[in-house]
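J.: I'd like to ask some things about the structure below.
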Amino acid sequence: MITGLSQPDRATLSGYVRDAADGEALIGATVFIPATGAGTVTNAYGFYSITLPKGFYEVRFSFVGYTDTRRNIDLNQNQRLDIELQPESKQLEEVVVAADEEGVEVRGIQMSVNRLNIGTIARMPAFLGEADIIKSIQQLPGVTTVGEGASGYNVRGGNVGQNLIVLDEAAVYNPSHLLGFFSVFNPDAVKDVQLYKGGIPARYGGRLASILDVRMKEGNSKEFEANGGVGTIFSRLAIEGPIVPDKSSFIFAARRSYIDVLARPFVDVLRDGARLNFYDLTGKVNYRINSRNNIFLSGYAGRDIFFFDSQQGFSWGNATGTLRWNSIINDRMFSNVSLIFSQYDYALQFGEDERDNFKWNSSITDFTVKPSLSYFINSNNEITAGLEAHYYRFEPANAVGTTNGQAVDVSIAEKYNLETAAFVSHQLRISPKLSAEYGLRYSMFQAFGPGVVYQYNDTVPGLRRQPVAATSFGRGEEMVRYTNPEPRISLQYQVNPQSSVKLSYMRAAQYLHLISNTAASNPLDVWTPSSPNLKPQLGDQWAVGYFRTLNRKSVYEFSAEVYYRRTYNQVDYIDGADLLINEYLEGDLLSGRGRAYGLELYLQKKTGRFTGWMAYTLARTELQVEGINNGAWYPTRFDQTHNFKATAFYQLNKRWSVSGNFTFLSGTPTTFPTSRYVVQGILIPHIADNSRNNVRIPAFHRFDLAFRLEGRTLRKNGKERKNTDYWIFGLYNLYARRNPFSIYFSQGDERAGSGAPIQSRATQLSIIGTVVPSISYNFHF
């Protein structure tokens with residue numbers, strides 16, 4: 001029962017918790033009342049509110065990496081108390097790897113959630129020495145990838161298209177640079193990274209597997225500063241500072257690769273117009289209107305360019321923009337309204353000149369409005385509610401081929417969709433030991449004309465369906481509508497101060513589908529909306545977990561989670577499916593169901609000279625699709641039975657530290673032919689039993705090592721340097737393992753003699769087959 005709507009004998013303490021050094025809001029800071037045991041944490045904007053019986057209290061404010069602050073207050077009426085926490089000494093910061101306050105993982109109601117401190121990400125070994133958010137979360141339990149250089153990641157059996165990645169609430173539809181070796185997120189501009197793998201709150205929706213919520217810095221409101229680095233493949237620079245001190249600030253960050261610039265004098269093709277580079281720009285400004293209202297404007301623009309000469313190549317890029325208004329309506333009510341824009345597009349062209357060429361571009365554009373309201377009833381009750389609306393415009397293919405000056409347009413018509421949702425959730429402390437969060441998200445998806453809906457013939461499952469009729473719809477006419485309730489619930493039982501048990505259930509609906517039949521997604525993959533022939537994907541996930549701190553200071557934390565996931569209307573493809581520029585794409589798609597289950601173990605040491613974590617996942621991911629594998633269950637391309645990762649940091653002395661990553665992944669499934677035909681001397685592979693993913697490639701394992709050298713902190717005259725810098729020396733794939741990405745078969749080049757069998761060979765493709773050294777220089781002033 002909700003209590004506390006009218007409470008004359010109670011009062012509310014509320015405010016913001018910020019970093020004293022730069023004014024940044026601290027997400028997840030703890031506000032604790034020792035006398036009562038009541039407490040809360042700050043929200044995504046650094047705001048807190050806690051309602052208590054009137055009286056005198058000591059209040060403790062804390063956040064990992066910062067010095068605790070205590071305040072004695074006489075809470076005889078509603079009070080506003082903004083707090084600035086002082087960062088701890090630099091030496092201590094360097095050996096803290098936790099992103100949450102001590103014991104929050106045990107005491108908090110959320111499960112299946114991982115947060116990474118951006119400082120921890122910066123210290124992890126990385127490819128070519130460049131800190132990367134996407135690669136860093138792949139070191140967490142339940143997160144996998146199909147191989148090196150693969151774009152995206154898989155979470156608890158979901159494919160890469162079932163992960164929602166947001167930057168300041170704006171969806172990022174392709175998070176990769178350089179075909180997956182780097183992500184689009186500039187770590188100098190990022191403040192907070194949080195991955196939801198299960199028990200996802202009702203305020204999030206649109207994807208089945210996970211939510212990666214990346215929050216940008218707001219910019220230093222105290223003084224100007226700059227961060228940057230010069231690396232092996234690209235350089236970066238971020239500038240931030242106050243526009244009006246303690247009232248308005250900004251941050252602007254930029255990166256660009258320069259392989260093509262450095263290699264141009266030595267490579268002929270680069271001098272002839274070839275381009276190979278990527279860049280991104282990230283920016284944010286904020287303005288504090290008054291003590292109760294703040295506005296934020298943030299944006300991102302980035303692009304990859306791969307041109308083989310001046311006429312041929314392809315490019316892809318993302319652009320986002322977010323305008324937010326935070327308002328404290330009263331001491332217990334906080335609102336946020338966000339207007340969001342996101343676009344992903346790619347372009348491909350080839351040909352000798354304007355008379356003979358082919359040009360193709362495609363895009364998805366997303367306009368979103370999302371108002372939400374949080375009501376902090378008392379220290380035991382919090383309600384969050386809101387609305388969300390997405391207007392999508394899909395451009396599947398704007399394609400024109402030209403031969404001898406004659407143009408042929410093979411474009412596919414644009415698609416228009418509206419996705420809306422209402423959500424409400426209630427977080428409730430039922431007793432000192434039992435807490436719950438339950439909620440409901442109700443979503444609706446509509447497709448509008450102009451457009452054509454095709455009806456397809458019935459055929460043997462697994463074969464291409466042909467269109468037999470078509471229905472045309474006018475502009476604005478509704479073509480199809482889907483609605484889905486999406487209940488969510490989480491329970492937490494505090495066994496004792498050091499341990500807890502948690503359970504969660506969630507249902508999610510996904511109306512957008514990533515169409516890709518490659519092992520890893522690539523920039524030319526197609527996003528397509530649900531339609532009368534393509535139903536929304538649905539998923540249910542159950543999870544139970546045990547969480548424990550292993551000593552009183554919470555230096556060690558351990559967790560074990562078991563999950564089971566069922567999905568419906570999963571997309572797979574007929575053999576030989578034509579996915580690009582295909583107006584009848586839906587005739588090549590198959591629909592089935594999936595299941596995934598596993599055990600995740602996680603052990604973390606949070607502080608000290610030696611810190612880090614170990615993660616192990618035992619899992620299985622399978623699909624069942626009529627027309628594939630004779631209708632039997634088969635493993636997905638990204639199924640990995642065993643997944644072990646270890647990340648460690650060690651502070652050698654004041655200036656030198658070392659870090660290492662070790663990764664072991666079971667081999668992923670793939671499909672090998674079971675027999676072959678020979679026709680006129682040409683070998684044709686054949687799968688006699690119609691099996692899918694019938695073998696596994698060898699296991700993947702790799703060890704990475706990095707050394708960090710801090711610059712001197714004192715000048716020659718003994719005074720402390722105001723500017724700081726450091727070097728990173730990295731060794732990626734230290735023991736030069738040639739990890740298989742895929743294995744393919746080909747016919748031998750030698751001509752077989754009469755009556756002799758034709759030889760074939762199996763070739764293993766390794767993206768990186770040697771140790772990759774790197775060096776980078778990073779600075780702050």
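J.: Can you pull out every residue in the range 346-361 that is under 28 Å from the mean Cα position of the chain (by Cα) and open to solvent by 40 Å² or more (accessible area, probe 1.4 Å)?
T.: Scanning the range 346-361 gives a single hit, Asn361.
Residues are listed down the side, and each one gets a yes or a no for (1) in the same structural domain as Glu240 (by TED's automatic domain parsing); (2) assigned to a strand (DSSP E or B); (3) out of contact with any Ser or Thr (no Cβ under 7 Å at 6 or more places or on another chain); (4) surrounded by 24 or more Cβ atoms within 10 Å (Cβ to Cβ):
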residue: Thr120; (1), (2), (3), (4): no, no, yes, no
residue: Leu140; (1), (2), (3), (4): no, no, yes, no
residue: Gly158; (1), (2), (3), (4): no, no, no, yes
residue: Phe185; (1), (2), (3), (4): no, no, yes, yes
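J.: Looking only at the range 46-63, how many residues end up being open to solvent by 30 Å² or more (accessible area, probe 1.4 Å) and either under 15 Å from Arg332 (Cα atoms) or in a loop (DSSP other than H, G, I, E, B) (or both)?
T.: Matching residues across the range 46-63 total 2.
J.: For the range 234-247, state whether one or more residues are aliphatic (A, V, I, L, M), modelled with pLDDT under 90 and either out of contact with any Cys (no Cβ under 6 Å at 6 or more places or on another chain) or surrounded by fewer than 19 Cβ atoms within 10 Å (Cβ to Cβ) (or both).
T.: There is no residue in the range 234-247 that is aliphatic (A, V, I, L, M), modelled with pLDDT under 90 and either out of contact with any Cys (no Cβ under 6 Å at 6 or more places or on another chain) or surrounded by fewer than 19 Cβ atoms within 10 Å (Cβ to Cβ) (or both).
J.: If you scan the range 150-172, which residues turn out to be of a type outside the set (Gly, Ala, Ser) and within 30 Å of Trp325 (Cα to Cα)?
T.: Passing the criteria: Gln162, Asn163, Leu164, Ile165, Val166, Leu167, Asp168, Glu169, Val172.
Results for (1) open to solvent by 50 Å² or more (accessible area, probe 1.4 Å); (2) in the same structural domain as Ala226 (by TED's automatic domain parsing); (3) farther than 30 Å from Glu225 by Cα; (4) among the hydrophobic types (A, V, I, L, M, F, W, C), shown as yes or no for each residue.
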position: Asp689; (1), (2), (3), (4): yes, yes, yes, no
position: Asn693; (1), (2), (3), (4): no, yes, yes, no
position: Trp727; (1), (2), (3), (4): yes, no, no, yes
position: Tyr732; (1), (2), (3), (4): no, no, yes, no
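J.: Continuing with this model, one more query. Without any contact (Cβ under 8 Å) to a residue 24 or more places away in the chain, assigned to a strand (DSSP E or B), out of contact with any Gly (no Cβ under 6 Å at 6 or more places or on another chain) and surrounded by fewer than 18 Cβ atoms within 10 Å (Cβ to Cβ), is that true of Ala407?
T.: So Ala407 passes the test.
J.: I've got another one for you. Could you list, in sequence order, all residues of the range 429-455 that are out of contact with any Leu (no Cβ under 9 Å at 6 or more places or on another chain) and open to solvent by less than 30 Å² (accessible area, probe 1.4 Å)?
T.: Within the range 429-455, Gly439, Arg441, Ser443, Gly449, Gly451, Val453 qualify.
J.: Then there is this: Spot the failing condition for Leu652; the list is (1) closer than 30 Å to Thr724 by Cβ; (2) more than 23 Å from the chain's Cα centre (by Cα); (3) surrounded by 15 or more Cβ atoms within 10 Å (Cβ to Cβ), and only one is missed.
T.: Failed condition: (3).
J.: Which numbered condition in (1) out of contact with any Pro (no Cβ under 8 Å at 6 or more places or on another chain); (2) open to solvent by less than 80 Å² (accessible area, probe 1.4 Å) is the only one that Ile697 fails?
T.: (1)
J.: Something else about it: Kindly indicate which of Arg737, Arg637 is part of a loop (DSSP other than H, G, I, E, B), closer than 23 Å to Leu140 by Cβ, of a type in the set (D, E, K, R) and not assigned by TED's automatic domain parsing to the domain that holds Thr617.
T.: The unique qualifying residue is Arg737.
J.: Sticking with this one: Output the number of the condition that Ala202 fails; it satisfies all remaining conditions of (1) open to solvent by 10 Å² or more (accessible area, probe 1.4 Å); (2) part of a loop (DSSP other than H, G, I, E, B).
T.: It is condition (1) that Ala202 fails.
Quick grid of which residues meet (1) touching a Phe, Trp or Tyr at 6+ places or on another chain (Cβ under 8 Å); (2) exposed (fewer than 14 other Cβ atoms within 10 Å of the Cβ); (3) modelled with pLDDT under 95:
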position: Gly476; (1), (2), (3): yes, yes, yes
position: Tyr482; (1), (2), (3): yes, no, no
position: Gln492; (1), (2), (3): no, no, no
position: Tyr511; (1), (2), (3): yes, no, no
position: Thr518; (1), (2), (3): no, no, yes
position: Leu524; (1), (2), (3): yes, no, yes
position: Trp527; (1), (2), (3): yes, no, yes
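J.: Can you tell me which residue in the range 380-398 is farthest from the chain's Cα centre (by Cα), limited to those that are closer than 30 Å to Val31 by Cα and open to solvent by 30 Å² or more (accessible area, probe 1.4 Å)?
T.: Checked the range 380-398; the qualifying residue farthest from the chain's Cα centre (by Cα) is Asn380.
J.: Continuing with this model, one more query. Suppose we filter the range 187-213 for residues that are acidic (Asp, Glu) and either assigned by TED's automatic domain parsing to the domain that holds Leu514 or within 9 Å of the chain's Cα centre (by Cα) (or both); how many remain?
T.: Selection size over the range 187-213: 1.
J.: Next question. Go through the range 77-104 and report how many residues are modelled with pLDDT of 90 or more, open to solvent by 70 Å² or more (accessible area, probe 1.4 Å) and of a type outside the set (D, E, K, R).
T.: Residues that pass the stated criteria total 3.
J.: Just to be sure before I move on: is Phe314 touching a residue at least 40 places away in the same chain (Cβ under 8 Å), open to solvent by less than 10 Å² (accessible area, probe 1.4 Å), touching a Leu at 6+ places or on another chain (Cβ under 8 Å) and not polar (S, T, N, Q) in the structure I sent?
T.: Spelling it out, it is not the case that Phe314 is touching a residue at least 40 places away in the same chain (Cβ under 8 Å), open to solvent by less than 10 Å² (accessible area, probe 1.4 Å), touching a Leu at 6+ places or on another chain (Cβ under 8 Å) and not polar (S, T, N, Q).
J.: Of the numbered conditions (1) at pLDDT 95 or above; (2) in contact with a Leu (Cβ under 9 Å, 6 or more places away or on another chain), Pro175 satisfies every one except a single condition; which is it?
T.: All conditions pass for Pro175, except number (1).
J.: With respect to Ile165, determine if the residue is among the hydrophobic types (A, V, I, L, M, F, W, C) and under 12 Å from the mean Cα position of the chain (by Cα).
T.: Yes.
J.: Pairs needed: first member in the range 452-464, over 19 Å from Asn629 (Cα atoms) and not assigned by TED's automatic domain parsing to the domain that holds Ser531; second member anywhere, assigned to a loop (DSSP other than H, G, I, E, B) and modelled with pLDDT of 90 or more; C-beta distance under 8 Å; at least 6 residues apart or different chains.
T.: none
J.: Here's another thing I want to ask about it. Residues of the range 364-379 being buried (at least 18 other Cβ atoms within 10 Å of the Cβ) and under 31 Å from the mean Cα position of the chain (by Cα), which ones?
T.: Answer for the range 364-379, where residues must be buried (at least 18 other Cβ atoms within 10 Å of the Cβ) and under 31 Å from the mean Cα position of the chain (by Cα): Ile364, Asp366, Thr368, Lys370, Ser374, Tyr375, Phe376.
J.: Just to be sure I understand the filter: pairs with C-beta atoms under 7 Å, separated by 6 or more residues or on different chains, first member in the range 350-369 and more than 14 Å from Ala319 (Cα to Cα), second member among the hydrophobic types (A, V, I, L, M, F, W, C) and open to solvent by 60 Å² or more (accessible area, probe 1.4 Å). Which pairs pass?
T.: Asn357/Phe350; Phe358/Phe350; Val369/Leu339
J.: I've got another one for you. Would you mind telling me which numbered condition in (1) out of contact with any Phe, Trp or Tyr (no Cβ under 7 Å at 6 or more places or on another chain); (2) of a type outside the set (Lys, Arg); (3) in the same structural domain as Ile489 (by TED's automatic domain parsing) Phe234 fails?
T.: It fails just one condition, (1).
J.: All but one of (1) surrounded by 19 or more Cβ atoms within 10 Å (Cβ to Cβ); (2) in a strand (DSSP E or B) hold for Arg207; which doesn't?
T.: Tallying (1) surrounded by 19 or more Cβ atoms within 10 Å (Cβ to Cβ); (2) in a strand (DSSP E or B), Arg207 fails exactly one: (2).
The values are calculated or read from the model by the stated rules, or taken from the named source; none is laboratory data. Note that the coordinates shown come from a computational prediction; the quantities given were computed from them, not determined experimentally. Positions of Cβ are generated from backbone atoms using ideal geometry, with glycine treated the same way; all protein chains shown enter the neighbour counts. All accessible areas refer to the heavy atoms of the entire protein, side chains included, with ligands and DNA or RNA removed. Shrake-Rupley method; radii C 1.70, N 1.55, O 1.52, S 1.80 Å.
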